[in-house]
Amino acid sequence: MEHTKELLSVPLSALVASPFNVRRHASGQVEELAALIDSQGLLHNLVVTEQVGRHGKGKASSAGRVRFAVAAGERRRRALLLLQSRGRLSKDYEVLCELVTPERALEVSIAENSGREPLHPADEFDAFKTMIDEGKGIEDVAARFGVSPLTVQRRLKLAALSPKLLALYRQDGINLDQLMALTLADAHEVQEAAWFGVPHWEQSAAAIRRRLTAGEVEAASSGLARFVGIEAYEAAGGIVKRDLFDSEQSRFLGDPALLQRLAVEKLESTVATVREEGWAWIEARLEVDSQALRQFTPAEYDLRKPTGEERKELAELARRGRELEQQSDALHDQHEGWPAEAEAIDLEEQDIAVRQRAIQHGLRVWAADVKDLAGVIVTVSREGDVEIIRGLVREADRKSLDAARRKSEKQKRVIGDPMSGGGAAGAMNEAEDDSVADESATRTEPKRSEFSDALSRRLAAHRTLALQAVLSKNLPVALAALSNALAQRVLGDEYRRVGQSMQITAQPAAHALTSAADDAKAAPAWLAIETARDAWAERLPEDRSAWFGWLLAQPQADLLELMALCSALTVNALPSAGSAFDANSLACAVGLDMADWWEPTKEGFLNHVSKAQIVQALKEAGPGLAADRVESMKKDVLVNTALTRLKGTRWLPLPLRPSSP
């Protein structure tokens, strides 16, 4: 059937959308199409119908009311309007249109949209490459087609792939994600081997990326790369492989040996500066883990008073830390948009903590005899900063250092002879006398003894010694007394104390732990210990003064159980408690494996660390867990992804991993 075409030149202002247009997504972005029309002109006519106005058809209406509805070409109309609004087309610009009847409009719209075969992406890659080969610049091509220069670079990268792979892409034998992963290799034979030389289950985009970057250093997660700098690495002849299809354009360094050499050379300047401090030895190491540090014993040090500038800076850091904490609390009340702000706060808090540690470490001073035996390790932190670990004693030198300490302590005792009431011992005695005097002032005045105060104290001391000797031989009574003293403090009412002759201080750690971790009460360990605690609280008599007598009647095994529980409730391994070494000893003794009790959650861990730390955790947790370009994910998406992938892996952050006592 033949159709006679009726062409009209219609003012752009007279064109409107048509209800006959079957394409319903015409309101999308038209930037790229506008750029094409601007550079190439309108290559296809619009198809329109005459729109009926209030006075009948447009031809019969007044001139100002004639309108034509676009049945085919709505995106072109919108692109033309965009160009007109930008001054690229005149206000009276006219468009060549084909006029059809309303009866044909729907058929024409269906025919145009269903009959149009879109350009295959591979053909588009080739077209961009041809234009570049003809001498056009990337910026020029990007401007002419309304895309970014990065988009042009990506299409050129795809166009440079092996012809075999592009042919396979045209046949739907490989998808675009897989092609993008293969661009990490430049040589066609490497690309083909990475696809054709592996089983199909190894052909995912993530698996291809892993193979093509094996043995290379990923810059985003490498402290050495940040320390050396990509520019310095490239200036030394290093090759950097860039993933153009990663939103963060990940970079991979192909010469790890060169990177390490440059890092060692850069560390040498710091080593030279530290050497002037007079240490026995200095080592430059690119990596130092906890296992390596266990080969050394930390030497004792003193703390000097901070300077005025240091005090001022510490105060300012503390003030800013409080502000950030308040901002973080306020963010949790918001429902949208807070993850990005929370990450910024978290990163600044990390910077503050690093600076505070640097100042505090700078206050440490070591005696000259310590420096004669101890040394320093200069290394690179995960963040890419120089880290200086001072005061390390090798095992072979530890005995010599201990001998030097004993000699120093002996000299101090001679200088501060306790018999003369001077020195440290004298000060201690004076402090004890003041404490006794303060305590006696709060008690009711006892009946005056017939002996002098000095003699009364002497006799009481002898009695105490005898009691200790006898009690040490009576296990049931000793256990009952110890359990009672502990239970009175840990399980009893804090405000109603029963007097104790055994001088034992048992401070329950629950308050300190819940203050440090607001999710502590949801932990499995809390439930386990609270269950045992409640069971004993129900067994003990209501009258606390009757506990000792009741405990005397209990089997020794029960007393041991109670003693163990009460002792456990006093353990405090927080850094502020100053008992890290003792806590490590306890953990090793009981064979503690924190993977049985803890795993990363959003609120308890993932929301409080940076993206780089989450990615590192995924890499440590198992092969493939950091795949699918997790580095390019937004923080909230990465948190959810990591939450799922880390579950059941038994991964632990360094502070929770087993430590030697």
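The values are calculated or read from the model by the stated rules, or taken from the named source; none is laboratory data. This one's a predicted model, so the numbers in the text were calculated from it and none came from an experiment. Here the Cβ is made from the backbone with ideal geometry for all residues, glycine too, and neighbour counts use every protein chain on show.
Residues are listed down the side, and each one gets a yes or a no for (1) β-branched (Val, Ile, Thr); (2) outside the structural domain of Ala523 (by TED's automatic domain parsing); (3) assigned to a helix (DSSP H, G or I); (4) crowded, with 16+ Cβ neighbours inside 10 Å:
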position	(1), (2), (3), (4)
Leu618	no, yes, yes, yes
Glu631	no, yes, yes, yes
Val639	yes, yes, yes, yes
Thr644	yes, yes, yes, no
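Among the numbered conditions (1) touching a strand residue (DSSP E or B) at 6+ places or on another chain (Cβ under 9 Å); (2) surrounded by 15 or more Cβ atoms within 10 Å (Cβ to Cβ); (3) in a helix (DSSP H, G or I), tell me where Glu387 comes up short.
It fails just one condition, (3).
Take the conditions at pLDDT below 85, in a helix (DSSP H, G or I) and surrounded by fewer than 14 Cβ atoms within 10 Å (Cβ to Cβ) and apply them to Asp329. Does it pass?
Judged against the criteria, Asp329 is a match.
Which pairs turn up if I take residues in the stretch 629-650 that are touching a residue at least 60 places away in the same chain (Cβ under 8 Å) and look for partners that are assigned to a helix (DSSP H, G or I) with beta carbon separation below 6 Å, at least 6 apart in sequence or on another chain?
Close Cβ pairs (under 6 Å, with a partner that is assigned to a helix (DSSP H, G or I)) amount to Glu631/Ala220; Glu631/Val615; Lys635/Pro339; Lys635/Glu343; Lys635/Lys611; Asp636/Pro339; Val639/Leu606.
Do we have any residue at all in the stretch 294-309 that's at pLDDT 90 or above, of a type in the set (Asp, Glu), more than 25 Å from Ala225 (Cα to Cα) and out of contact with any Ser or Thr (no Cβ under 7 Å at 6 or more places or on another chain)?
yes
Given (1) under 30 Å from Ala626 (Cβ atoms); (2) among the polar types (S, T, N, Q); (3) at pLDDT 90 or above, identify the lone condition not met by Thr273.
(1)
Between residues in the stretch 133-159 that are under 22 Å from Ala187 (Cα atoms) and residues that are among the β-branched types (Val, Ile, Thr), which pairs lie under 7 Å by C-beta distance while being six or more apart or on different chains?
Partner pairs satisfying both residue conditions: Val152/Ile138; Val152/Val141; Gln153/Ile138; Leu156/Ile132; Lys157/Thr183; Leu158/Thr183.
May I ask you to list the residues in the stretch 283-326 that are part of a strand (DSSP E or B) and more than 23 Å from Asp402 (Cβ to Cβ)?
Ala284
Do we find that Arg645 is modelled with pLDDT of 85 or more and on the phi > 0 side of the Ramachandran plot in this structure?
No.
Got a number for residues in the stretch 594-642 being closer than 20 Å to Ile208 by Cα, at pLDDT below 85 and not aliphatic (A, V, I, L, M)?
7
What about Ile345, is it assigned to a helix (DSSP H, G or I), modelled with pLDDT under 85 and surrounded by 14 or more Cβ atoms within 10 Å (Cβ to Cβ)?
Yes: the conditions hold for Ile345.
If only one of Arg261, Arg226 is within 26 Å of the chain's Cα centre (by Cα), at pLDDT 85 or above, assigned to a helix (DSSP H, G or I) and charged (D, E, K, R), which one is it?
Arg226
Given the structure, is Ser247 loosely packed, with under 12 Cβ neighbours inside 10 Å, modelled with pLDDT under 90 and closer than 21 Å to Lys611 by Cβ?
Here the answer is yes, as Ser247 does meet what is asked.
For Tyr233, only one of the following conditions fails: (1) under 27 Å from the mean Cα position of the chain (by Cα); (2) modelled with pLDDT under 90; (3) not basic (Lys, Arg); (4) not in a loop (DSSP other than H, G, I, E, B). What is its number?
Among (1) under 27 Å from the mean Cα position of the chain (by Cα); (2) modelled with pLDDT under 90; (3) not basic (Lys, Arg); (4) not in a loop (DSSP other than H, G, I, E, B), the lone unmet condition for Tyr233 is (2).
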